[in-house]
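A.B. asks: Quick one: the structure is below, and I'll ask about it shortly.
The values are calculated or read from the model by the stated rules, or taken from the named source; none is laboratory data. Predicted model, so just to flag it, every value in this text is computed and none were measured. No Cβ is skipped: glycine too gets one built from the backbone with ideal geometry, and neighbour counts run over all protein chains shown. Keep in mind that these areas ignore ligands, DNA and RNA; they rest on the heavy atoms of the full protein, side chains included. Shrake-Rupley method; radii C 1.70, N 1.55, O 1.52, S 1.80 Å.
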Amino acid sequence: GTILSRVGWFSMMILVGGLLASCDSTVRQIGKSSTESSPVVQTERREKHTDHTYGFTVKYYPKEYVLLTDSPIQTATQPSAVQRVRFQRKDLATGQVVDHEPPGLMISVFERSPERLLHEWLDSSGLVPPGSEISSVRLTGVKEGLRVTLRQQPAPNEFVYLANDQYVYSLVPYDAQGGKMLRSFRLLPDSSRAHMRH
């Protein structure tokens, strides 16, 4: 009689095991389909900034950053900017030392005299320090684009200058997030700001 009961016990275990396995796979499927239908959970929350006056947009920057457009800090060497935008982490932006905290990305806009080439303008503005590596940057709507890299220097050590007929845009990333924001920078097509000139 013992053999019979043992067989019964084994078949019971197999049954229970099978039930557990099938439950598990249904749970897994339900979980999977619900994440697929809502991709919002996985993407970072992003914002967009468009400046119609100066004709540029930053297609996305992380939600935890804020824009500071007040008080452009002028340095002696640089030409004076007509616009300066800093993308600053919110937790730093509220502090007292906000002007001394490096932003993730800083964008400055300078008036441009169209008869001068971009590298001449940079030279005369003192924006090409000795030891700079200069490479060209291509972007839609940009007539000339140059990247100035200073490998010997701690960040910020990469400066991207983009020029159209009216302005030179200077983009300085201070960290990896700034680099990502920089890559989402675009100039607006002329038509979208043609009416601003009149």
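A.B. asks: Within region 104-124, can one find any residue that is in contact with a helix residue (DSSP H, G or I) (Cβ under 6 Å, 6 or more places away or on another chain) and either among the basic types (Lys, Arg) or open to solvent by less than 10 Å² (accessible area, probe 1.4 Å) (or both)?
C.D. replies: Of all residues in region 104-124, those in contact with a helix residue (DSSP H, G or I) (Cβ under 6 Å, 6 or more places away or on another chain) come to 104-105.
Filter once more, keeping what is either among the basic types (Lys, Arg) or open to solvent by less than 10 Å² (accessible area, probe 1.4 Å) (or both): 104-105.
Yes, because at least one residue in region 104-124 is in contact with a helix residue (DSSP H, G or I) (Cβ under 6 Å, 6 or more places away or on another chain) and either among the basic types (Lys, Arg) or open to solvent by less than 10 Å² (accessible area, probe 1.4 Å) (or both).
A.B. asks: How many residues are modelled with pLDDT of 80 or more, exposed (fewer than 12 other Cβ atoms within 10 Å of the Cβ) and over 14 Å from LEU105 (Cα atoms) if we restrict to region 64-90?
C.D. replies: 1
A.B. asks: Also: Looking at region 91-123, which of its residues are in a helix (DSSP H, G or I) and at pLDDT 90 or above?
C.D. replies: Answer for region 91-123, where residues must be in a helix (DSSP H, G or I) and at pLDDT 90 or above: LEU118, HIS119, GLU120, TRP121, LEU122, ASP123.
A.B. asks: Exactly one condition in (1) surrounded by 16 or more Cβ atoms within 10 Å (Cβ to Cβ); (2) under 28 Å from LYS63 (Cα atoms) is false for GLU144; which is it?
C.D. replies: GLU144 satisfies every listed condition except (2).
A.B. asks: Among the residues of region 128-135, are any of a type in the set (A, V, I, L, M), over 16 Å from the mean Cα position of the chain (by Cα) and open to solvent by 20 Å² or more (accessible area, probe 1.4 Å)?
C.D. replies: yes
One line per residue, one yes/no per condition, for (1) within 18 Å of the chain's Cα centre (by Cα); (2) at pLDDT below 90; (3) surrounded by 18 or more Cβ atoms within 10 Å (Cβ to Cβ); (4) not polar (S, T, N, Q):
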residue	(1), (2), (3), (4)
ASN157	yes, no, no, no
ALA163	no, no, yes, yes
LEU182	yes, no, yes, yes
PHE185	yes, no, yes, yes
ASP190	no, yes, no, yes
MET196	no, yes, no, yes
